[in-house]
1. Restricting the search to the stretch 172-184, which residues are under 20 Å from residue 202 (Cα atoms), more than 8 Å from the ligand (Cβ to nearest atom) and outside any loop (DSSP other than H, G, I, E, B)?
2. When residues of the stretch 1-31 are filtered for being free of Cβ contacts under 8 Å to residues at least 40 places away in the same chain and part of a helix (DSSP H, G or I), how many remain?
3. Just to verify a result, which residue in the stretch 159-168, among those that are within 14 Å of the ligand (Cβ to nearest atom) and without any contact (Cβ under 8 Å) to a residue 40 or more places away in the chain, is farthest from residue 83 (Cα to Cα)?
4. What about residue 105, is it in a strand (DSSP E or B) and over 15 Å from residue 25 (Cβ atoms)?
5. Can you tell me how many residues in the stretch 111-135 are over 14 Å from residue 164 (Cα atoms) and in contact with a strand residue (DSSP E or B) (Cβ under 7 Å, 6 or more places away or on another chain)?
6. I'd like to check something: does the stretch 92-100 contain any residue that is surrounded by 15 or more Cβ atoms within 10 Å (Cβ to Cβ), at pLDDT 95 or above and either away from the ligand (no atom under 16 Å from the Cβ) or not in a loop (DSSP other than H, G, I, E, B) (or both)?
Ligand code: SF4
């Protein structure tokens, strides 16, 4: 899943551009999701979800034609992105806002940082320019990095690799964790990078254990294995 962020100040056409990018990506056959920072717009006084929150609920999930999560203390962007993986398999997530994030950005104002792919005027972009912008997104947007900064890619850390992708000098699969990710290990919610050899070792061990449990008799086409260990007494 690749992530792109459209940034700019209020009323500068962020939503206009986000909509145009969504339409192009969907036309190209991609599944697209969006995340928007909505400030207080969901806190509509008197509504049932507002009452739930006022009563002290830490998380309120509203669902109808739209679904939203409302968390008492808010959530870090990376946590929200992690959650989306469980909700739907997406090719792209477009974020509106979150200007300080370290994902590939399109700026609709003068704002620019080391993660900015391009500055765009959303109200004056013709179809050809929009097509090339979406080509650039396909080529240079990237997904989440582990932030383990293991330097296996030859860069000083994950952010350095990300900035090199933005400049068009490197590809995302320079990160060994992105290349061969058959096994995912998290400790306390934090992803632990594993090289291909360790991944293979863990996979063979777990698959071998499952053979003894005769799990092949379970009728499912989903080949994913999930293992969660509650390790309260020993780390
Ligand atoms: S190899 Fe991946 S995890 Fe390690 S520093 Fe590079 S980008 Fe980060």
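The values are calculated or read from the model by the stated rules, or taken from the named source; none is laboratory data. As the structure is a computational prediction, the values presented were derived from the model and not from experiment. Here the Cβ is made from the backbone with ideal geometry for all residues, glycine too, and neighbour counts use every protein chain on show.
1. Selection gives 179 alone.
2. Going through the stretch 1-31 one residue at a time, the tally reaches 4.
3. Within the stretch 159-168, the first condition is being within 14 Å of the ligand (Cβ to nearest atom), and the residues that meet it are 159-166.
Going one step further and asking which of them are without any contact (Cβ under 8 Å) to a residue 40 or more places away in the chain, we end up with 160-161, 164.
Numbers: 160: 25, 161: 24, 164: 27 Å.
Residue satisfying both the conditions and the ranking: 164.
4. So residue 105 passes the test.
5. Of the residues in the stretch 111-135, the ones over 14 Å from residue 164 (Cα atoms) are 111-112, 118-135.
Subsequent filtering for residues that are in contact with a strand residue (DSSP E or B) (Cβ under 7 Å, 6 or more places away or on another chain) retains 111-112, 118-120, 133.
Here the count works out to 6.
6. No: the stretch 92-100 contains no residue that is surrounded by 15 or more Cβ atoms within 10 Å (Cβ to Cβ), at pLDDT 95 or above and either away from the ligand (no atom under 16 Å from the Cβ) or not in a loop (DSSP other than H, G, I, E, B) (or both).
Let's see how each residue does on (1) more than 7 Å from the ligand (Cβ to nearest atom); (2) touching a residue at least 24 places away in the same chain (Cβ under 8 Å):
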{"residue": "130", "(1), (2)": "yes, yes"}
{"residue": "136", "(1), (2)": "yes, no"}
{"residue": "152", "(1), (2)": "no, yes"}
{"residue": "157", "(1), (2)": "no, no"}
{"residue": "170", "(1), (2)": "yes, no"}
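To keep it simple, each residue is scored yes or no on (1) assigned to a helix (DSSP H, G or I); (2) within 16 Å of the ligand (Cβ to nearest atom); (3) exposed (fewer than 13 other Cβ atoms within 10 Å of the Cβ); (4) without any contact (Cβ under 8 Å) to a residue 40 or more places away in the chain.
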| position | (1), (2), (3), (4) |
| --- | --- |
| 186 | no, yes, yes, yes |
| 191 | no, yes, no, no |
| 194 | no, yes, no, yes |
| 197 | yes, yes, yes, yes |
| 207 | yes, no, yes, yes |
